[in-house]
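Worksheet for the structure shown next.
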Amino acid sequence: MADTKAPVALVTGGSRGIGRGIALQLAGAGFSAAINYAGNREAAEQTREECERIGSGEYAVFQADIGIADDRARMVDEVWNRFGTIDALVNNAGIGPRQRLDITEATEESFHHVVDVNLAGPYFLTQTVVRRWLGMDGGGAPASRIETGRKVVFVSSISAETASVARGEYCISKAGLAMAARLWAVRLAAENIQVHEVRPGIMATDMTSKVKDKYDALIAEGLVPQQRWGAPEDVGKLVRAILCGDLAFSTGAVLYTDGGFHLSRL
């Protein structure tokens, strides 16, 4: 078990992209981090090494496919045994469909795979962690090391409310995740546990690399009012503010980091 007084954040999908951006911002803010990855251990170790260079906490990597119940349960046990607690859960792990297909052609297999990882996974991972916090699975959890109480963050997407007919399963998973955040916020508010949804826009990550030219053109035409791609550190800074307690009298909020994409315009 780590001998650290730093608050511990479990960041799912922390090996690359937005997850890495979040982990690095939290390391810089004094958090310890449990860095989850599904398959790319090398990338997760790179995130850990970068956290160690800038942070003063403890950092470790944990393999689990968030879409598999046994993996989720095992990971929570491993993180708890390593750090002695979890003070914040950042539900970031997510996937797009393996193939972008019009909704007239998309398969049930793809639908279930995306929804299992993007929606069922974080919903039930949150349940597993919260039950420990509330002492529902035997024993009581240590007091939170975050002064303003424990936190849960759901990283969704502008696709929660923006229809993309070539990846319907992704949009549906993120729309469901938005409601999951609201449900957990209502349930946990009286327990001094804040829950927020962070909604990124068009982000420069592996997921969007194959459609870079398309989005470059759309951004140049004004799709994003701030006229640039989002970066992982943009999301990381927002998550850092939540976990550091800067939104102390707030829960259940949808916090956009999309350069103004969501604004209605004439």
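Nothing in this text is a laboratory measurement; each read-out follows from the coordinates by a stated rule. The model shown is predicted, which means the values in this text are computed figures rather than measured ones. No Cβ is skipped: glycine too gets one built from the backbone with ideal geometry, and neighbour counts run over all protein chains shown.
Brief remarks on what is shown
- Scanning segment 84-105 for residues that are part of a loop (DSSP other than H, G, I, E, B), among the hydrophobic types (A, V, I, L, M, F, W, C) and within 23 Å of R199 (Cβ to Cβ) turns up A93, I95, I103.
- Qualifying residues in segment 210-266 (those that are part of a loop (DSSP other than H, G, I, E, B) and of a type in the set (D, E, K, R)) - the one surrounded by the fewest Cβ atoms within 10 Å (Cβ to Cβ): R265
- Cβ-Cβ under 7 Å pairs, at least 6 apart or on other chains, segment 185-207 side at positive phi, far side surrounded by fewer than 24 Cβ atoms within 10 Å (Cβ to Cβ): N192/G149
- Any hit, segment 28-38, residues being part of a loop (DSSP other than H, G, I, E, B) and crowded, with 24+ Cβ neighbours inside 10 Å: yes
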